[in-house]
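Here is the structure we will look at, set down as structure tokens.
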Amino acid sequence: MPVLTFEGPIIKDIDVKRKLAQNLTTVLSDTFPSIPKDAFIVQIKENAPENIGVGGSLLADRWKS
């Protein structure tokens, strides 16, 4: 079973997560038509801005300014 992991910001709206999983699965299925659509796993990993550093500073601090 192929696994696609999406890492991004926290998504509070579950409908947005549903749409993300559906759309990513569609792209995977279109790209790999020999693999059944039900075989694809989409994993959503959410990251809080205080847990991500870019260029030596936290995103939470960058977004404040």
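A few points about this structure:
- Filter result for Ile35 (under 11 Å from the mean Cα position of the chain (by Cα) and outside any strand (DSSP E or B)): no
- When the residues of region 12-47 are filtered to those that are touching a strand residue (DSSP E or B) at 6+ places or on another chain (Cβ under 8 Å) and loosely packed, with under 14 Cβ neighbours inside 10 Å, the one that is nearest to Asp61 (Cα to Cα) is Asn47.
- Top-ranked residue of region 48-65 - restricted to ones that are closer than 20 Å to Thr5 by Cα and in contact (Cβ under 8 Å) with a residue 12 or more places away in the chain, ranked as surrounded by the most Cβ atoms within 10 Å (Cβ to Cβ): Pro49
Only the coordinates and a few stated rules stand behind these numbers; no lab work does. Because the structure is predicted, anything quoted here is derived from the model rather than measured. Neighbour counts run over all protein chains shown; Cβ positions are idealised from the backbone, glycine included.
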